[in-house]
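Okay, so here's the structure we're looking at.
The values are calculated or read from the model by the stated rules, or taken from the named source; none is laboratory data. On a predicted model such as this, the values are computed, not experimentally measured, just so you know. With ideal geometry, Cβ positions are generated from the backbone for all residues, glycine too; neighbour counts draw on all protein chains shown.
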Amino acid sequence: MREFARFIMRGRLYAIAIAGSFGALAVALPPLSLFSGAAVGLVTLRHGMKEGLTVTAGAALVVAVIFLAIAGRADLSFLLILGLWLPNALGCWVLRITQSQAWTLLVVGGFAAFFVVSMHILTGDVIAWWQQWIEQTITQANIEGVTVEQISQEGALALMNGLVAMFFGLNLMLTILLARWWQALLYNPGGFSKEFHSLHLPRSLTYLVILLSALVLTGVLDGGGHVLTDLFIVAVMIYLFQGLAAMHGMAALRGLSSWWLLPLYIGLFVLPPHFIIGLAMVGVVDSLMNLRSAPPPPPKT
């Protein structure tokens, strides 16, 4: 990874080539969007917002040319600009000037919350809007064996708006963290771990999230499709990262190998809903009690 990051930082054209090519490939392999966005983020972290926007514009041109040649359309480049590169560049710029992953995470959560609220305002009925979108997607992709009724019966349709915002925030924050890790590999070895271990969200926000959780989980709201339910899902995403920071910080404080955290990441892939909620709860507790504080010294004998 160090050599890959060093290649990106060889010059503007190298960064544009990586961001653009991986952005185009992400259509077939979505995880590659992380590398595309992180290339823009690394440049922004190192050289500032102006250079990050220059690389964004160049990468968009690369994607536009590729898809004009392949499919005769260039709209994907605009989707990547709005949904990946610009939010990522702004998040990395915030991280550059604040040196705080907590503030950056709050900005990412703000983006996701803005998406939630905007969809409710613009559509009027987000459930109906997502139902129509899914029907069109299934029809255009000619997917067999899947119907909107099945998705609705499983309860996913009512939570669709919040889940989309959650995955948007997850992808954006992971992209920023990847860019920061690359920067640390090149210019500040060991700096990423120290910064991540100190990620700590404001306690006042935690009190608001606890109140929001009580409203959602006690059934006071009218079920899925409510804006507060969607914002609760976004809050789970935010505190997931604090939970991860807390687990890594506690392991480092006790001198444990990072291998001790491997079951945690396996669980995130095998049983994501359970582990995401569990880590978010750890993040809430850590915000209130600071689980990463140094353990008390052993009693004298």
- Task: Write out, first by first residue and then by second, each pair whose Cβ atoms fall under 6 Å of each other, whose residues are 6+ apart or on separate chains, and whose first residue, in region 56-85, is over 30 Å from Met166 (Cβ atoms) while the second is in a helix (DSSP H, G or I) and at pLDDT 80 or above.
- Result: Gly58/Ile16
- Task: Kindly check whether there is at least one residue in region 26-33 that is over 17 Å from Leu178 (Cβ atoms), in contact (Cβ under 8 Å) with a residue 24 or more places away in the chain, in the same structural domain as Leu172 (by the TED database) and β-branched (Val, Ile, Thr).
- Result: yes
- Message: Condition (residue is modelled with pLDDT under 95 and part of a helix (DSSP H, G or I)) applied to region 218-228: is it met by at least one residue?
- Response: yes
- Message: I need the full set of residues from region 68-91 which are of a type outside the set (D, E, K, R), part of a helix (DSSP H, G or I) and farther than 20 Å from Val234 by Cβ, in order please.
- Response: Leu68, Ala69, Ile70, Ala71, Leu76, Ser77, Phe78, Leu79, Leu80, Ile81, Trp85, Ala89
- Among what's in region 182-204 and is without any contact (Cβ under 8 Å) to a residue 24 or more places away in the chain and assigned to a helix (DSSP H, G or I), pick the residue that is farthest from Gly48 (Cα to Cα). Ser204
- If you scan region 206-245, which residues turn out to be touching a residue at least 40 places away in the same chain (Cβ under 8 Å) and not aliphatic (A, V, I, L, M)? Thr206, Gly223, Gly224, Gly225, Thr229, Asp230, Phe232, Tyr239, Phe241, Gln242, Gly243
- Query: In region 261-301, how many are of a type outside the set (A, V, I, L, M), loosely packed, with under 12 Cβ neighbours inside 10 Å, at pLDDT below 90 and more than 19 Å from the chain's Cα centre (by Cα)?
  - Reply: 8
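From Met173, Met160, Met166, grab the single residue that is over 11 Å from the mean Cα position of the chain (by Cα) and either farther than 15 Å from Asn88 by Cβ or at pLDDT 95 or above (or both). Before the answer, list the steps.
Working: Met173 fails: over 11 Å from the mean Cα position of the chain (by Cα); Met166 fails: over 11 Å from the mean Cα position of the chain (by Cα).
Result of the check over Met173, Met160, Met166: Met160.
Residue by residue, here is whether (1) surrounded by fewer than 23 Cβ atoms within 10 Å (Cβ to Cβ); (2) among the aromatic types (Phe, Trp, Tyr); (3) farther than 13 Å from Leu177 by Cα; (4) not assigned by the TED database to the domain that holds Met166 holds:
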{"position": "Leu61", "(1), (2), (3), (4)": "yes, no, yes, no"}
{"position": "Ala69", "(1), (2), (3), (4)": "yes, no, yes, no"}
{"position": "Gly72", "(1), (2), (3), (4)": "yes, no, yes, no"}
{"position": "Asp75", "(1), (2), (3), (4)": "yes, no, yes, no"}
{"position": "Phe78", "(1), (2), (3), (4)": "yes, yes, yes, no"}
{"position": "Gln99", "(1), (2), (3), (4)": "yes, no, no, no"}
{"position": "Thr104", "(1), (2), (3), (4)": "no, no, no, no"}
{"position": "Val107", "(1), (2), (3), (4)": "yes, no, yes, no"}
